[in-house]
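The values are calculated or read from the model by the stated rules, or taken from the named source; none is laboratory data. Since this is a predicted model, take the numbers as computed values, not measurements. We place every Cβ from the backbone using ideal geometry, glycine too, and count neighbours over all the protein chains shown.
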Amino acid sequence: MAGGDEAGAGGGGRTTEAADKKDLEPTAKKSPKGPAEPRETPRPGTSADGSQRTGKPAKTPPPKGAEPPAGYRAVTDPAGFALTVPEGFTRSPEPPRVYYYSPGKRFRIGVHPQPKSPAGPLSTMRKAHADGPSDYPGYRAGSVTRTTHNGHAAALWTFTWNGTAKDGGPRVTYDLSWNENGKMYDLWVSAPAASGPEGKRYFDRALRSFRRTS
C-alpha cells in the first residue's frame, strides 16, 4: 500500500502502509505485506530504542549546499537512501520498512523501497484511500493528489484516523509514493493530529533531502 501508519496491502503489487498504519496496526487482519506493528522488545541486532548495533546509518556529510538546518541531522541509511531527520530520532529497521522514531514514537518517519508498481503511484494510493475506512478506525479527511517528486510522477495521500489505544488520540498521516530507477519509494510521516503542522514540516524536510544511494 502506500506508506502510512498501518494499512493493508495495496494494489499494483505495492505494499500499503499508510504513514500511520505502517507504524501501529489498528486491526489484526493485516496481510504479510501490510505495515508491521512496531515491536516493544528489542530484536537481535538492535538496541532497546530500536536502533541497530551494526549497520547504523552513517552520518556522512550532505551534498554541498544541502547541510541540514539546526535541529536536524543527515543520515545515510544502509537500506540504500539518505535523508535528513530531526535530532533525537532513532532508527528502527522493520523489514521491508525503515522507521525513524521520535522519543515515545509520537512522530514516525517511514521509508519503504519496493519493486516498481506497474499500476503507478496514483492508482496505488487511490486504492489505499478506498480501503482506508476498513483499514484505519475512524478514517477521515482522506485525499489523494497527483503530483511529482524530483521530476517523477508521484501521488500524495493524506488522512486522519483514530490511532490506537497506545497513541492516546487521533493521528494524521502524510504519505508520498513515486517510481524511480526501477523501484517504488514510499515515504511518510505520522504525527499526533494536534501536532499536524510539526509533522508536516518533518515530512517536507525528509522529502526535500531524500536521495538514493544505491
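Selection of the stretch 114-128 for residues being modelled with pLDDT under 95, within 18 Å of the chain's Cα centre (by Cα) and either charged (D, E, K, R) or over 11 Å from residue 177 (Cβ atoms) (or both) yields 115, 116.
Every residue, every condition in (1) under 28 Å from residue 76 (Cβ atoms); (2) touching an Asp or Glu at 6+ places or on another chain (Cβ under 8 Å); (3) not polar (S, T, N, Q), yes or no:
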| residue | (1), (2), (3) |
| --- | --- |
| 115 | yes, no, yes |
| 143 | no, no, no |
| 154 | yes, no, yes |
| 157 | yes, yes, yes |
| 160 | no, no, no |
| 170 | no, no, yes |
| 185 | yes, no, yes |
| 194 | no, no, yes |
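The requirement of being out of contact with any helix residue (DSSP H, G or I) (no Cβ under 9 Å at 6 or more places or on another chain), over 24 Å from residue 184 (Cα atoms) and among the basic types (Lys, Arg) is fulfilled somewhere in the stretch 100-114, by at least one residue.
Taken across the stretch 122-140, residues that are closer than 19 Å to residue 205 by Cβ, crowded, with 17+ Cβ neighbours inside 10 Å and among the charged types (D, E, K, R) do not occur at all.
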